[in-house]
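Structure, as structure tokens:
The values are calculated or read from the model by the stated rules, or taken from the named source; none is laboratory data. Just so we're clear, the structure is a prediction, and the values are computed from it rather than from any experiment. Because the Cβ atoms are built from the backbone with ideal geometry, glycine has one as well, and the counts that use them run over all protein chains shown.
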Amino acid sequence: MPDIRKALVIGAGPAGLAAAIQLKRKNGISCTVYEIHQEPTTLGGAIGIPSNGLRLLDRLGVYEPLFGLAANTVNTVAYSSKGIELGEIDLWYWAREKTGYGFMRVMRTDLQNMMLDAVLKEGIQIHYGKKMVSVEENDSEVIATFSDGTKDTADLLLGCDGIHSSVRTLYVDPQAEPEYSGLSAVFSFIHTSDILPTASTIRDMCGILTPDGVVGLMPCTASGDTLFWLFSYEVPVPAVDNTQDAWEERRKAEVEGFKITLLRILHDAQGEFGTLLKQVVRTTETVQFYPVSRLPLGRKWSKGRCLLLGDAAHAMQPHAGQGTSLAMEDVFLLSRLLQVHSYTLSDVFGKFDEIRRPRVEKFYKLALINGERRKRTGPWAQWFKELAFWAAIWVLRSTNLHKWGFGQGDLVYDVDDVVI
Ligand SMILES: Cc1cc2nc3c(=O)[nH]c(=O)nc-3n(C[C@H](O)[C@H](O)[C@H](O)COP(=O)(O)OP(=O)(O)OC[C@H]3O[C@@H](n4cnc5c(N)ncnc54)[C@H](O)[C@@H]3O)c2cc1C
């Protein structure tokens, strides 16, 4: 077992907080978390977590409190661009039966708060407003230096600092650069009491397929009093160039114009759902805009005493809904590997790579495929897409394949059962 007594965790997102909790509890490693923001912050919005991630959140002790806050969704309902229901299906049935965990849609702030509570209970310190500016190593320790001139040393440094990871760019793999996926999202929340009474009956994950992208509407609280909605669509790289300023201009334009854009896109959407969706858009005051990027596959995840976890290592498009769950799996596997007596740290990182890469790549590719379905389509492709959705749901329902686990094998994966 590598002699690891202290770890520096860079980043207080889901990966960093989970790593600090798990390594402290299961490995007796003293962890200190460094977060760049001055206070707990999230990207906003709500995320979906399937059974493989929920099981690990339960082991961390945050599932029970989240269950009382989040929406536990059973069905997915797809609509055509005209607002006609294409079908409804329980895509998590088999995985839920097998694992006891279904699918949760949770506000990011709720997830963060529950994880922060667990971190505090463990007595783990989080230092906010800390920007790491360099990483150095010698034979016995790794040293992180921060922009305020302070330093900290440890036996292990974990880069849990997301897609733009400083641990990666300063040390592990400076050449690995995020690439824009061509897809962006606008999203917001709405209280059901502010809109039509039909809103309070929304219990499912509902999505309308338009030729310009997918508009989704779903509850994200246990009572269903708050709905999360998003529009996932193609947005080209700004004409000027791919700079932060150009993207800021683009963000402003998308946020200011979201109502006009979406009401035009939803013009043909009729029926109860189409009408509701248009009212949701009209009533929403503001949205957030997020261009979706990913890291290229096949890059380095470790160097010396440093390991990247979660998005810092393998940020992918969110269209497989697995980013948070994969980050949890990374953490649990690392904790197990660090308990193997015969392993050096280099063995741990090697085995981590060997076990995690195939699984990560599988979801990465699935997210790419799912992302393609959000891209702009012509009338024939749209007609075909709607037909394909209708047919797929019809086949699944009439054969009960979803109840036999079709497409759900990866959701029952338990990283704690993997042979190491
Ligand atoms: C639009 C969108 C929708 C998504 N939907 C889903 C979904 O439905 N389900 C799902 O599972 N996943 C979803 N994801 C992906 C999910 O958000 C990520 O996979 C997950 O947050 C990864 O966690 P992380 O801790 O690795 O990184 P992050 O959540 O990015 O956390 C990184 C942390 O590090 C901090 N940090 C950054 N740089 C530094 C630095 N230099 N020094 C110190 N701290 C730093 C950040 O402030 C942050 O606190 C979505 C992503 C996007 C963009």
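Remarks
- If the condition is being in a strand (DSSP E or B) and aliphatic (A, V, I, L, M), then the range 194-245 contributes M205, I208, L209, V214, V215, L217, M218, L227, L230.
- Residue match in the range 317-334 (condition: out of contact with any Leu (no Cβ under 6 Å at 6 or more places or on another chain) and away from the ligand (no atom under 14 Å from the Cβ)): yes
- The residues of the range 41-61 that are at pLDDT below 95 and either among the aliphatic types (A, V, I, L, M) or away from the ligand (no atom under 12 Å from the Cβ) (or both) amount to a single one, L43.
- The residues of the range 138-168 that are touching a Cys at 6+ places or on another chain (Cβ under 9 Å) and under 17 Å from D3 (Cα atoms), listed by number, are V142, A154, L156, L157, L158.
- Per-region count, the range 151-193, residues more than 9 Å from the ligand (Cβ to nearest atom), assigned to a helix (DSSP H, G or I) and aliphatic (A, V, I, L, M): 1
- If the condition is being within 8 Å of the ligand (Cβ to nearest atom) and in contact with an Asp or Glu (Cβ under 8 Å, 6 or more places away or on another chain), then the range 1-40 contributes I10, G11, A12, G13, A15, G16, Y34, I36.
- Test set (1) touching a helix residue (DSSP H, G or I) at 6+ places or on another chain (Cβ under 8 Å); (2) more than 16 Å from the ligand (Cβ to nearest atom); (3) of a type outside the set (F, W, Y) - V287 fails condition number: (2)
- Scanning the range 157-191 for residues that are free of Cβ contacts under 8 Å to residues at least 24 places away in the same chain and of a type in the set (K, R) yields no hits at all.
- Residue pairs whose Cβ atoms lie under 8 Å apart, separated by 6 or more positions or on different chains, with the first residue in the range 198-218 and hydroxyl-bearing (S, T, Y) and the second surrounded by fewer than 21 Cβ atoms within 10 Å (Cβ to Cβ) and in a loop (DSSP other than H, G, I, E, B), are S200/G224; S200/D225.
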